[in-house]
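The values are calculated or read from the model by the stated rules, or taken from the named source; none is laboratory data. Model, not experiment: these values are computed from the prediction. Here the Cβ positions follow ideal geometry from the backbone for every residue, glycine too, while neighbour counts run over all protein chains shown.
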Amino acid sequence: MGRFAPGRRAALTPIALTRRERGKEGKREAAMGILQVDLRVTIRLKVATGILPKDAPVKMFAGYGTGKVCAACDLSTTKKDVEYDVDMADGRTFSFHQLCITLWHQERATYLRP
Ligand SMILES: [Zn+2]
C-alpha cells in the first residue's frame, strides 16, 4: 500500500497528454477523428487497468439511450444514441454507446490468445 512506483506514473502519461489535447478542441465535428483516437486510448487504458473487463459479456442488450453513463467515455447516453447494456459472468453490468462498445470489443480482443 502507499507509494506509486515511478514506472506506474510513466505508464499514465499517454492519457494525460490526451486529456490536454481534448481541452483544445472547439469544433466537435471537425475533431471527430481525433476524438475517436482519444476514446480508443481511454478505453485501452480502462481495459488494461481492469476498469473495463477483458472477458466477453454473457448477455448484451441494445436499445435507445436511457441516460445511463457510458462505462467507456463517461458521458450519458441520450435518446438519439443506441445504448448497449451488457451483463458480465461475474454479475457486473456496463452500459455503452455504440461506438464505445465497438472500441471496447476491439481493445479486449487484443488480449485474446488465438
Ligand atoms: Zn461512450
Take the conditions hydrophobic (A, V, I, L, M, F, W, C) and surrounded by 13 or more Cβ atoms within 10 Å (Cβ to Cβ) and apply them to Leu112. Does it pass?
no
Residue hits (the range 47-106; of a type in the set (A, V, I, L, M), free of Cβ contacts under 8 Å to residues at least 60 places away in the same chain and within 22 Å of Gln36 (Cβ to Cβ)) are Ala48, Ile51, Leu52, Met60, Ala62, Val69, Ala71, Ala72, Leu75, Val82, Val86, Ile101
Which numbered condition in (1) within 15 Å of the ligand (Cβ to nearest atom); (2) modelled with pLDDT of 95 or more is the only one that Arg28 fails?
(2)
List the strands (runs of 3 or more DSSP E) inside the range 35-110, counting only whole elements, that have at least 3 residues being under 14 Å from the mean Cα position of the chain (by Cα) and within 13 Å of the ligand (Cβ to nearest atom).
82-87, 93-97
